[in-house]
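Step one of this worksheet: look at the structure below.
The values are calculated or read from the model by the stated rules, or taken from the named source; none is laboratory data. Everything quoted here is computed from the prediction, not taken from an experiment. Cβ: placed from backbone, ideal geometry, glycine included. Neighbour counts: every protein chain shown.
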Amino acid sequence: MHSNRQQGFTLVELAIVLVVIGLIMGMAFKGRDLIDGAKIKNAQAQYNKVATAFNIYHEKYGSYPGDGWTAAPGTAVTGGTGTKNGQLDSAIETAAALAVLQNASILTNADTQSAFSQPWSISDTSATAVAHFDANTNYLTVGGIATNAMDARFVCQLDRVMDDGAPDTGIVRSSASKGSTATSDYDNTVDCWDRSGQISLGIRILP
C-alpha cells in the first residue's frame, strides 16, 4: 500500500523562480528606459532637422517658410504675398511653414510627426503671451505652448539634454516651475524620470 505524500517546492526551486521573475522584470524596466531614451534622441534629431530646414529654405528663397503667407499654400513652394518680417505671426503663417517645407521636399511628412505620437506644430508670435515663453519668438511645439500636452518626464529630459534644464530660460521652455514641490515641475536638481503629469513644451525655432 502506497502512502500519499504531498510534493512541495524546495527552497532552491523557489529561489530560482524568484531570480527568473526578477530578471524578467528587470529586462522589462530596462526596455522601457531604452524606449524612453530613444524618444528623447529622436525628438532632438527631429528638432535639428526642422531648424536646418528653415535655414535651407531661407538661404534658397530669401525668407522663412510661411512668412508672408496669407492663405494655405496648397502645393506651392513660394508665393506668400503678405508682409515678411522674419516671424510667423499669424495662425496661417505657422500652419503654412511646415507644409511649405514639405512642398519644397526639404522635409517629409514623417519629419513633422513627433516621437510622442502627436504632430509637431509652430507657435504663433501674435498669440497671447504665455508665462516662460519669450514674446516675438516662434517655438516648435507639441499641442501648443499654452496647452499642457506633454509628459513632464520627457520635457524635463529634453530640456536637460538640449538646453539648461530650466523651464523658463534657454531654447527649451515649458509651463513647469523651478523649485516647486509639484511632481510636474523640474530643475537641475531632480530626476526627470521621477516627474509626472502634463506640461507644455516649446523649443525655439525663430529667431
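Within the option set T112, T108, being under 30 Å from G37 (Cβ atoms) and without any contact (Cβ under 8 Å) to a residue 12 or more places away in the chain holds for one residue only, T108. Per this entry, G143 is counted among residues that are under 24 Å from K39 (Cα atoms) and part of a loop (DSSP other than H, G, I, E, B). Among the residues of region 50-61, is any acidic (D, E), at pLDDT below 70 and either under 30 Å from P119 (Cβ atoms) or touching a helix residue (DSSP H, G or I) at 6+ places or on another chain (Cβ under 8 Å) (or both)? No: zero hits. The set of residues in region 69-96 that are in contact (Cβ under 8 Å) with a residue 40 or more places away in the chain and either assigned to a helix (DSSP H, G or I) or over 24 Å from E59 (Cβ atoms) (or both) contains only T94. When D124, D187 are checked against the criterion of being within 24 Å of A91 (Cα to Cα), at pLDDT below 95 and not hydroxyl-bearing (S, T, Y), a single residue qualifies: D124.
Please work out if P119 is in contact with a Ser or Thr (Cβ under 9 Å, 6 or more places away or on another chain), surrounded by fewer than 20 Cβ atoms within 10 Å (Cβ to Cβ) and not aromatic (F, W, Y).
yes
Checked against the criteria, D134 counts as assigned to a loop (DSSP other than H, G, I, E, B) and surrounded by fewer than 18 Cβ atoms within 10 Å (Cβ to Cβ).
Among the residues making up region 187-207, those that are touching a helix residue (DSSP H, G or I) at 6+ places or on another chain (Cβ under 7 Å), assigned to a loop (DSSP other than H, G, I, E, B) and buried (at least 21 other Cβ atoms within 10 Å of the Cβ) are R195, L201.
Yes or no, residue by residue, for (1) surrounded by fewer than 17 Cβ atoms within 10 Å (Cβ to Cβ); (2) at pLDDT below 95:
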position	(1), (2)
F154	no, no
P167	no, no
G170	yes, no
S174	no, no
G179	yes, yes
